[in-house]
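Single-structure report; data block below.
The values are calculated or read from the model by the stated rules, or taken from the named source; none is laboratory data. Source: prediction; values computed, not measured. Positions of Cβ are backbone-derived with ideal geometry, glycine not excepted, and every protein chain shown enters the neighbour counts. The area values use the complete protein model at the heavy-atom level, side chains included, leaving out ligands, DNA and RNA. Shrake-Rupley method; radii C 1.70, N 1.55, O 1.52, S 1.80 Å.
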Amino acid sequence: MTTTPETFVVGATGLLGSRIVTSLLDAGAPVRALIRPGTAGEKQAALKALHSRGLELVEGDLTDPAEKLADAIGGATTVVSAVQGGPDLIVDGQLNLVRAAEKAGAHRFIPSDFAVDITKLEDDDNFMIGWRRQAAVAYGDTGLEVLSVLNGAFYEVMIGFMGIVDWKAGTVSHWGDPEQPLDLTSVADTAAYTAAVALDPQAKGTHRFAGEVVSMRQFHQALQRATGRTLTLRTLGTADELRAEITRQAGLTQNPFDYVGLQYQWCMVTGKAKFDTLDNAKYPHVRPVPLEDFVREAAPEA
Ligand SMILES: NC(=O)c1ccc[n+]([C@@H]2O[C@H](COP(=O)([O-])OP(=O)(O)OC[C@H]3O[C@@H](n4cnc5c(N)ncnc54)[C@H](OP(=O)(O)O)[C@@H]3O)[C@@H](O)[C@H]2O)c1
């Protein structure tokens, strides 16, 4: 008989972490979640409403001393990180969390990776992915089973703040080869797969999931079908020209967040961070939403 592992989630107030919590609860698994002291009343109320479904909240911070964090983890066997932030959080904070998980006697750790195939990149291809790669090296000596979940790009990001789709102007702008396949998944489906991995006692290593694998041309066509709108597909330049544009922008700003969206696009349009295989079939109960259905619901009104 298998037992359902108890999970501890950090980042439960966030976009993805909140969905991971509900996916775990939907699966009937009790969850312990860390919330920061002073978390806004609205966010806290939303989580407190899940108490009757099996969510227990504990106050703390990823940067707390490992002993304190270990107390927060309690008897959980699987620790899930869905935090977002700088290297203080992604590298040092997650290392601290792993050390705390070791102290608490947990067995498994799911880091806040949730990206394109970070194993295939160099640290400087994308500075945010670089931090995740540095974190993996930092906790590389852990006895915990590290279960990395990769999802490509969120559908939400592709039609939202990545700057690819300009709904007002009616354009879809891309760099590189429009036939290059891209791995894309919704936030909710990424959370559902993460919960499936967290609750699978056989899970090992890196898992790669995609709601859909589509080229930029197919992405453009799906958007048109979903909205009934005619959108213009614009080519901004080759992948090499994109790399040059990133270098140019890096020379103009002290803030790398100004051009990280372009770094993500470069990783995707070159195919460098494309998944070689998918693990969707391991969890057939997760039925990812097709891109077109997602866009039909999520696209802004014309
Ligand atoms: N593949 C993609 O397209 C894509 C797109 C977006 C994000 N992601 C990834 O998804 C993951 C989660 O991102 P997100 O957008 O869901 O992040 P988010 O909405 O910004 O949430 C971040 C979470 O981290 C928590 N946090 C921040 N600092 C903390 C600390 N010191 N101690 C404890 N908790 C702390 C926040 O808590 P508070 O509420 O207290 O601030 C919040 O719950 C990241 O790995 C991110 O890179 C992937």
Practice problem: Assess whether Leu34 counts as being open to solvent by less than 30 Å² (accessible area, probe 1.4 Å), in contact with a helix residue (DSSP H, G or I) (Cβ under 7 Å, 6 or more places away or on another chain) and not in a helix (DSSP H, G or I). | Solution: yes
Practice problem: Could you grab me the full set of residues in region 229-281 that are over 23 Å from Val295 (Cα atoms), loosely packed, with under 15 Cβ neighbours inside 10 Å and β-branched (Val, Ile, Thr)? | Solution: Thr238, Thr247, Thr253, Thr277
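In this structure, does Pro284 turn out to be within 16 Å of the ligand (Cβ to nearest atom) and either open to solvent by 40 Å² or more (accessible area, probe 1.4 Å) or of a type outside the set (A, V, I, L, M) (or both)?
So Pro284 does not fit the description; no.
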Quiz item: How do the pairs read when you match residues in region 211-240 that are at pLDDT below 95 with residues anywhere that are open to solvent by 10 Å² or more (accessible area, probe 1.4 Å), using Cβ under 8 Å and keeping only pairs 6 or more apart or on different chains?
Solution: none
Quiz item: Restricting the search to region 105-124, which residues are open to solvent by less than 10 Å² (accessible area, probe 1.4 Å) and of a type outside the set (A, V, I, L, M)?
Solution: Phe109, Pro111, Ser112, Asp117
Self-check item: Total residues in region 128-148, condition open to solvent by less than 60 Å² (accessible area, probe 1.4 Å) and either in a helix (DSSP H, G or I) or among the polar types (S, T, N, Q) (or both)
Solution: 10
Quiz item: So which residues in region 68-113 are within 11 Å of the ligand (Cβ to nearest atom) and within 16 Å of Ser148 (Cα to Cα)?
Solution: Val80, Ser81, Ala82, Val83, Gln84, Ile90, Gln94, Leu97, Ile110, Pro111, Ser112, Asp113
Practice problem: State all residues of region 209-251 that are hydroxyl-bearing (Ser, Thr, Tyr) and assigned to a helix (DSSP H, G or I); if no residue qualifies, say none. | Solution: Thr227, Thr247
Quiz item: Taking Asp166 and the conditions (1) at negative phi; (2) in contact (Cβ under 8 Å) with a residue 24 or more places away in the chain; (3) more than 15 Å from the ligand (Cβ to nearest atom), which numbered condition does it fall short on, given that it satisfies the others?
Solution: (2)
Practice problem: Kindly establish whether Leu62 is under 27 Å from Gly41 (Cα atoms) and either in contact (Cβ under 8 Å) with a residue 60 or more places away in the chain or of a type in the set (Phe, Trp, Tyr) (or both). | Solution: no
Quiz prompt | Residue ID - nearest to the ligand (Cβ to nearest atom), chosen from residues in region 3-31 that are outside any strand (DSSP E or B) and of a type in the set (Ser, Thr, Tyr) | solution = Thr13
Quiz item: Is it fair to say Ala298 is more than 25 Å from Gly205 (Cα to Cα) and surrounded by fewer than 15 Cβ atoms within 10 Å (Cβ to Cβ)?
Solution: yes
Practice problem: State the number of residues belonging to region 42-67 that are within 12 Å of the ligand (Cβ to nearest atom), assigned to a helix (DSSP H, G or I) and of a type in the set (Gly, Ala, Ser). | Solution: 1
Quiz item: Which numbered condition trips up Gly11, out of (1) surrounded by 20 or more Cβ atoms within 10 Å (Cβ to Cβ); (2) modelled with pLDDT under 95?
Solution: (2)
Quiz prompt | Ala222 being surrounded by 15 or more Cβ atoms within 10 Å (Cβ to Cβ), out of contact with any Lys or Arg (no Cβ under 9 Å at 6 or more places or on another chain) and farther than 21 Å from Phe114 by Cα | solution = yes
Practice problem: Considering only region 160-211, state which residues are open to solvent by 30 Å² or more (accessible area, probe 1.4 Å), in contact with a strand residue (DSSP E or B) (Cβ under 8 Å, 6 or more places away or on another chain) and of a type in the set (S, T, N, Q). | Solution: Thr206
Quiz item: Which of the residues belonging to region 68-103 are open to solvent by 30 Å² or more (accessible area, probe 1.4 Å), part of a helix (DSSP H, G or I) and either among the hydroxyl-bearing types (Ser, Thr, Tyr) or under 23 Å from Thr206 (Cα atoms) (or both)?
Solution: Pro87, Leu89, Asp92, Leu95, Asn96, Arg99, Glu102
Exercise. Answer yes or no: is there a residue in region 136-155 that is at pLDDT below 95, within 18 Å of the chain's Cα centre (by Cα) and among the aromatic types (Phe, Trp, Tyr).
Key: no
